[in-house]
Amino acid sequence: TETAQPVFQRNLVSEKRVITDASLARKVQILGVNVSDGPGGFLKVQAEVQNTTGRYQRFAYKWEWFDKDGNLIEGPAAVSIIRQVEGKESLFINGVAPNPAARDFRLKLYEDRLERLRKVWDLPYSKH
């Protein structure tokens, strides 16, 4: 049964803030993006990514944060992170703004370049 008043409401935003390279766009899709204000006024974003293929997929992503005037906020949050998702599965990517001045964001997803080279050259995976 449904409750009369839901416990939470997802604040889904337009996918225009999510940029995916052409190669990865054929393999993963964004199911939704939820935005909220966290403690101390820090913007919190959660994106659900689904692998549309039947095979394991590695990808990289990074968050870019912008102030109220649209200026990019530089900082450690601008590094790329590698993730993987099994075939037909989905996962959540979470981002928290580097400071309360961040009022907007962009999420960039792209195919892991090392993964692409392994496929082209049929290289084995190494465990570090």
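Structure above, values below:
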read-out	value
Segment LYS16-PHE42, length gained on full extension (0.36 nm per residue, minus Cα span)	7.2 nm
Neighbour net charge for LYS68 - beta-carbon separation under 12 angstrom, K R +1, D E -1	-2
Potential extension, LYS88-TYR56 segment - 0.36 nm per residue separation minus Cα distance	10.7 nm
Distance-filtered residues of the range 68-83 - backbone nitrogen under 19 Å, label point 7 angstrom along LYS108 Cα→Cβ	70-83
THR53 long-range amide H proximity, modeled H, under 5 Å	LYS88
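Here, each number is a calculation from the coordinates, and none is a lab measurement. All figures in this text were calculated on a predicted structure; none of them were measured in a lab. All Cβ positions, even for glycine, are placed from backbone atoms using ideal geometry, and neighbour counts span all protein chains on display.
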